[in-house]
Amino acid sequence: MTIARHELRLGRKSFLIWLCSLSLLLGICIFLFPEMKKEMDTISEMFSSMGAFTAAFGMDKLNFGTLVGYYAIECGNVLGLGGAFFASLCAVSILSKEEKERTAEFLLTHPVGRFRIITEKILAVLIQVILMNAAVFLVSIGSMAAIGESIPWKEMILLHLAYLLMQIELAGICFGVSAFIRRSSLGIGLGIAILMYFLNIMANITDSVSFLKYITPFGYCDSSAVVSDLSLDAVKICIGMAIGLVGVCAAYIEYGRKDIH
Amino acid sequence: MEAIKTTELTKYYGKARGIIGLNLCVEEGECFGFIGPNGAGKSTTIRTLLGLISPSSGTASVLGKDIVAEKTAILKETGYLPSEAVFYAGMKVKDILKLSADLRGMDCSREADILCQRLQLDTSRKVDELSFGNRKKVAIVCALQSKPSLLILDEPTGGLDPLMQREFFEIIRERNSRGATVFLSSHILTEVQHNCCRAAVIREGRIIACDSVDALGNSNAKRISVTGQVDLGGLEGIRDLKEGSTTSFLFSGDMNLLLNKLAQGNVSDLSVSEPDLEEIFLHYYGKGGDES
């Protein structure tokens, strides 16, 4: 586990910055809820009458006046996009940075097979993603308790589980990409996360491209659907996990045979 | 047993030449020099032997193990010193040394302490703050702390001051005398001349000479220095000509023709000496003309 431990140490600062940012945003949103609740009638009416925009963010299915409805929409934006960025950036650079920063020669001239390097690196990504989600979940639960609201456990667990799976899928895809590139990869990671996010928004706006929900991981963590159905879409999740797995397998194949410069 | 053996080892980067049909044999326990200018294929050879890049064709074994199938087993017994040492930013020297030892699954702290003391390396500093020479020292300790049976050194003294170079080669000689094989790649020929028994010369991806350092020095070429008036026109085999009050050149042509020319001139002093390896190197690289 030397390499995984080493990666966790290298990524410590970045992890803490992301954790603080996401926690702070989610915490602020939750602490704003009591204030928002007072004006909720007007706000709910406004949010539900914005046509395509309302559908795009799932606000037609949720009651913004309840904590769970409010949280699902805020969570969708903050944790959905923020978590996706974190997981993508974390995974897309983890293999490529060795060549970009010219440390690959150091690592690969030690007696550790490439299979072990890849395994420990994906493990480091997964540990960071899981820790991030666990911490953010606790912050959200704690904030809800702090404002004196009863905690909607089932909705919270399903929402956060969906976001965790979405981030794992994105991490898998970006990890595969990381094996193929040698230079700066952050733009690619952000690009993949944004692309997937907008594919879901497009699928929300128009039914003619609703199949996109089966391609993008945001399809199965659409917070409005999760809260209103009180379940996760197993088919979309299976497809998503398979796509993530393909990314990881591609990394094993490519990084296992590529020339290291 | 051969520590390193390559058979027709070839590496192309797309269409670009890396190394072509390399046949090399380094015996266990010897200190072997690998000489060539930048771009000749030295680093490609080393990177192929260490499994960083895959050969296009040919085979090679290190310590009796195949470089493709038994990469990890080879690296377990090999210490590699790269020409340019790059480490993870933000880490302290002691953490880098510990990481290197952990990656080998060994506790090398005792040996690391001894090496750091001999090389005067401060382990509490961050690697980003180190000079090129000090980073090189970190790489030396990483390569040597596990006491490997094969040392692959790529331009090992770059950045080291003369005193440190002397200490470094002292350590290498000690390791060699205890049985470690040393593969020293360098374009500083005196390093090879003073520390190696055998050497190979690589040019444009091909081995053009491989022999004992003494034998390489005993090539047909001689260093001729003439004081006086001599017309060397029409004489073939002259290289590295330096004219002044004394004319000096490397001569590999017909000695009788040279003596005739000298006899026709007005020579007040003449010396004929064995060229050093540096001059031999120029002689080898002069063949073909473009790199002398």
Open item on the list: With the structure loaded, tell me whether B:LEU50 is in contact with a Pro (Cβ under 6 Å, 6 or more places away or on another chain), closer than 19 Å to A:GLU98 by Cα, crowded, with 19+ Cβ neighbours inside 10 Å and within 12 Å of chain A (Cβ to nearest Cβ) or whether it fails that test.
Closed with: no
Task: Residues within segment B:63-80 that are at the interface with another protein chain (Cβ under 10 Å from one of its Cβ atoms) and either open to solvent by less than 50 Å² (accessible area, probe 1.4 Å) or in contact with a Ser or Thr (Cβ under 8 Å, 6 or more places away or on another chain) (or both), tallied - done: 7
- [ ] Please find, among A:LEU138, A:LEU190, the residue that is among the aliphatic types (A, V, I, L, M), open to solvent by 40 Å² or more (accessible area, probe 1.4 Å) and more than 27 Å from A:ALA104 (Cα to Cα).
- [x] A:LEU138
Open item on the list: Just to be sure I understand, how many residues within segment B:199-210 are assigned to a strand (DSSP E or B) and open to solvent by 60 Å² or more (accessible area, probe 1.4 Å)?
Closed with: 2
Task: Search result, residues across segment B:11-32 that are within 14 Å of another protein chain (Cβ to nearest Cβ) and surrounded by fewer than 20 Cβ atoms within 10 Å (Cβ to Cβ) - done: B:TYR12, B:TYR13, B:GLY14, B:ALA16
Task: Hey, B:SER83 of a type in the set (Ser, Thr, Tyr) and within 12 Å of chain A (Cβ to nearest Cβ) or not - done: yes
- [ ] Could you tell me which residue of segment A:71-88 is farthest from the other protein chains (Cβ to nearest Cβ), considering only residues that are surrounded by 23 or more Cβ atoms within 10 Å (Cβ to Cβ) and touching a Phe, Trp or Tyr at 6+ places or on another chain (Cβ under 9 Å)?
- [x] A:TYR71
Task: Matching option when the condition is more than 14 Å from chain A (Cβ to nearest Cβ) and either assigned to a helix (DSSP H, G or I) or at pLDDT 95 or above (or both), among B:ALA60, B:ALA143 - done: B:ALA60
Open item on the list: Being within 14 Å of chain A (Cβ to nearest Cβ) and aliphatic (A, V, I, L, M) is the requirement here; does B:ILE35 meet it?
Closed with: no
Task: Within segment B:87-109, considering residues that are facing chain A (nearest Cβ under 8 Å) and touching a residue at least 24 places away in the same chain (Cβ under 8 Å), the one farthest from A:PRO111 (Cα to Cα) - done: B:GLY90
Task: Qualifying position, being open to solvent by 40 Å² or more (accessible area, probe 1.4 Å), within 19 Å of the chain's Cα centre (by Cα) and among the acidic types (Asp, Glu), among A:ASP222, A:ASP229, A:ASP233, A:ASP207 - done: A:ASP233
Open item on the list: I want to confirm something. Restricting to segment B:119-140 and keeping residues that are open to solvent by 70 Å² or more (accessible area, probe 1.4 Å) and touching a residue at least 12 places away in the same chain (Cβ under 8 Å), which single residue is farthest from the other protein chains (Cβ to nearest Cβ)?
Closed with: B:GLN120
Task: Among (1) more than 30 Å from A:THR2 (Cα to Cα); (2) outside the structural domain of B:SER146 (by TED's automatic domain parsing); (3) of a type outside the set (Lys, Arg) - the single one B:GLY64 does not satisfy - done: (1)
- [ ] For A:ILE260, work out the one condition from (1) part of a helix (DSSP H, G or I); (2) within 14 Å of chain B (Cβ to nearest Cβ) it doesn't fulfil.
- [x] (1)
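The values are calculated or read from the model by the stated rules, or taken from the named source; none is laboratory data. This one's a predicted model, so the numbers in the text were calculated from it and none came from an experiment. Note: ideal-geometry Cβ built from the backbone for every residue, glycine included; neighbour counts use all protein chains shown. Just so you know, the surface numbers come from the protein's heavy atoms only, side chains and all, with ligands and any DNA or RNA stripped out. Shrake-Rupley method; radii C 1.70, N 1.55, O 1.52, S 1.80 Å.
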